[in-house]
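To keep things clear, I will list the structure first and then write my remarks on it.
The values are calculated or read from the model by the stated rules, or taken from the named source; none is laboratory data. The structure displayed is predicted, hence computed values, not measured ones. Cβ sites come from the backbone with ideal geometry, for glycine too, and all protein chains shown count toward neighbours. All accessible areas refer to the heavy atoms of the entire protein, side chains included, with ligands and DNA or RNA removed. Shrake-Rupley method; radii C 1.70, N 1.55, O 1.52, S 1.80 Å.
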Amino acid sequence: LTMLLATVVLILFRVIDQRDAYQGFSDPGPITTACMFVVARALSAVGLLGKLATLLLGDITNVRLATVWMCLVVATMSAFINNTPIVAAFVPLIQAWAISIGVSPSKLLMPLSFASMLGGMCTLIGTSTNLIVAARYEDEFPGEDKIGLFGPALYGVPVALLGTAYMSFAGKFDAVLPPRIEVPIHSSPPICQID
C-alpha cells in the first residue's frame with residue numbers, strides 16, 4: 001500500500017512518468033518479495049511453523065543453551081522463510097517454552113528477533129532486502145554472474161554465528177536482558193503446547 005501510494009504521489013507531482021512506475025513494479029525483486037509473503041502467510045495459516053517449532057524446541061533448562069538452540073533453529077528457518085511470520089509464530093511458542101523450562105521469556109524474546117534477522121542474511125530469499133540488492137546488482141552489472149541462493153552465506157553465516165554467540169553470552173546478564181516476569185521453576189517441565 002505504501003509503495004502504491006508513493007508511486008501515485010510521484011506520478012501526480014511529475015517526478016516520474018507512468019513508464020517508470022510500471023517498470024518498478026515489473027522488477028523481479030518486489031515480485032519475488034510479494035510471492036514470499038504469500039508463501040510465508042500460507043505456512044503460518046496452516047500452523048506448519050508452530051508445529052515445526054514445537055518439535056524443534058527441547059527441554060533445555062540452561063538459559064545459555066536455550067538461547068543458542070533457539071537462535072540456531074530460528075536462524076535456520078529464517079534463511080528460507082520470511083522473518084515476520086517466523087517471529088509471529090515463535091513468540092507465543094517461546095513464551096510458553098521459556099515458562100515451561102523455568103526461564104523468563106524476556107531472556108529469549110529479544111534474541112528471537114535478532115536470530116530471525118541474522119538468519120535472513122544467510123540466503124538470497126531470507127529477507128526482501130537481499131532480493132532487492134540482487135536485482136539492483138543485476139541491473140548495474142549485467143555481464144557479471146548473478147547472486148545465487150547461497151551467495152550471501154559467505155558473510156551471513158559467520159555473522160549469524162557470531163551474533164548467536166554474543167546473544168548467548170550477553171543474555172545471561174540481567175543488565176542486558178533483565179527478567180521481566182517471575183517464572184515458577186518446575187521439577188519436571190511440561191511439554192510446551194500452544195492452542
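Starting with the highest mean, order 122-131, 83-92, 155-164, 137-146 by the number of other Cβ atoms within 10 Å, averaged over the residues of each peptide.
Ranking, from highest mean packing down: 122-131, 83-92, 155-164, 137-146.
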Review point. What whole-number value in Å² describes the accessible area per residue of the stretch 81-177 for a 1.4 Å probe?
Key: 49
Review point. Hey, what do the phi angles of the stretch 63-75 turn into as Karplus ³J(HN,Hα) couplings, whole Hz, using 6.51/-1.76/1.60 and θ = phi - 60°, x for Gly and Pro?
Key: 4, 5, 5, 4, 5, 4, 4, 4, 4, 5, 5, 5, 5
Practice item. Name the long-range amide H neighbours of Ile16: under 5 Å, sequence gap of 5 or more, or other chain; modelled H, no Pro or chain starts. Key: Ile11
Exercise for review: Compute the distance in nm between two label points, each set 7 Å from the Cα along the Cα-to-Cβ direction, one at Val8 and one at Val91.
Suggested key: 2.9
